[in-house]
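Chemist: After the structure tokens below, expect a handful of questions from me.
Every number here is computed from the coordinates shown, using simple stated rules; none is lab data. It should be emphasised that the depicted structure is a prediction, and the values quoted were computed from it without experimental measurement. Virtual Cβ from ideal backbone geometry, glycine too; neighbours counted across all protein chains shown.
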Amino acid sequence: MTFELYCVGWTLVLAIVQILLASLTRTAQFGPKWNMGARDGETPPLNPVSARLLRAQANLFETMPVFIAAILVAAIAGRTGELTHWGALIYLTARVVYVPLYALGIPVVRTLTWSISMAGIVMCLLAILR
């Protein structure tokens with residue numbers, strides 16, 4: 001298995017961690033009865049950390065399909081190399097760093113980190129299109 005595919009695997013692990021973090025903070029806020037219930041009624045607003053973790057999760061889910069597709073196309077086309085190696089590593093690392101930055105509400109550095117993760121995807125795409 002290539003390094004890039006390992007990065008995809010670890011990105012999937014990160015997705016599960018983010019799902020759990022968002023879920024655990026909501027359960028801590030609303031209680032286990034709410035978590036095990038149907039949640040049919042109006043849910044009160046989330047506290048800031050829970051809301052940020054949920055938005056960080058949604059943000060990962062917006063970029064992750066593009067990242068995975070870029071890596072799979074590069075792997076299938078035999079276009080993996082230095083660009084995809086560093087692009088995958090940059091994407092994954094930036095996404096890991098992004099979670100606590102968002103949870104803590106750190107605005108500018110969070111946006112820069114997101115931009116770096118996108119640069120990682122662009123690097124992978126460039127490897128395909130060169």
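Chemist: I'd like to know if the range 106-119 contains one or more residues that are without any contact (Cβ under 8 Å) to a residue 60 or more places away in the chain, buried (at least 17 other Cβ atoms within 10 Å of the Cβ) and within 20 Å of Gly9 (Cβ to Cβ). Walk me through how you get there before you give the answer.
Modeler: Kept after step one, since they are without any contact (Cβ under 8 Å) to a residue 60 or more places away in the chain, are these residues of the range 106-119: 106-119.
From what is left, the residues that are buried (at least 17 other Cβ atoms within 10 Å of the Cβ) are 110, 113-114, 117.
Okay, now just the ones that are also within 20 Å of Gly9 (Cβ to Cβ), so 117.
Yes, some residue in the range 106-119 is without any contact (Cβ under 8 Å) to a residue 60 or more places away in the chain, buried (at least 17 other Cβ atoms within 10 Å of the Cβ) and within 20 Å of Gly9 (Cβ to Cβ).
Chemist: Would you mind finding the one in Thr80, Thr93 that is hydroxyl-bearing (Ser, Thr, Tyr), surrounded by 14 or more Cβ atoms within 10 Å (Cβ to Cβ) and over 20 Å from Gln18 (Cα atoms)? Quick ask: steps written out before the conclusion?
Modeler: Working: Thr93 fails: over 20 Å from Gln18 (Cα atoms).
None of the others qualify; the one that does is Thr80.
Chemist: Specify which of the listed residues (Ala88, Ala56, Ala51, Ala103) is small (Gly, Ala, Ser) and within 17 Å of Val8 (Cα to Cα).
Modeler: Working: Ala56 fails: within 17 Å of Val8 (Cα to Cα); Ala51 fails: within 17 Å of Val8 (Cα to Cα); Ala103 fails: within 17 Å of Val8 (Cα to Cα).
After applying the criteria, what remains is Ala88.
Chemist: Select from the range 85-108 the residues that are over 10 Å from the mean Cα position of the chain (by Cα) and small (Gly, Ala, Ser) and list them in ascending order.
Modeler: Gly87, Ala88, Ala103, Gly105 - these are the residues of the range 85-108 that are over 10 Å from the mean Cα position of the chain (by Cα) and small (Gly, Ala, Ser).
Chemist: Only residues that are charged (D, E, K, R) and surrounded by 15 or more Cβ atoms within 10 Å (Cβ to Cβ): list them for the range 1-37, please.
Modeler: Our first condition is that a residue be charged (D, E, K, R); within the range 1-37, this holds for 4, 26, 33.
Across the range 1-37, the qualifying residues are Glu4, Arg26.
Chemist: Looking at (1) in contact (Cβ under 8 Å) with a residue 24 or more places away in the chain; (2) not in a helix (DSSP H, G or I), find the lone condition where Thr25 falls short.
Modeler: For Thr25, the failing item is (2).
Chemist: Could you identify the single residue in Gly87, Gly78 that is free of Cβ contacts under 8 Å to residues at least 12 places away in the same chain and either of a type in the set (Val, Ile, Thr) or closer than 26 Å to Leu129 by Cβ (or both)?
Modeler: On the way: Gly87 fails: free of Cβ contacts under 8 Å to residues at least 12 places away in the same chain.
One residue alone meets the criteria, Gly78.
Chemist: I would also like to ask the following. Among the candidates Ala103, Ala74, Ala70, which residue alone is out of contact with any Leu (no Cβ under 7 Å at 6 or more places or on another chain) and of a type in the set (Gly, Ala, Ser)?
Modeler: Exactly one of Ala103, Ala74, Ala70 is out of contact with any Leu (no Cβ under 7 Å at 6 or more places or on another chain) and of a type in the set (Gly, Ala, Ser), namely Ala74.
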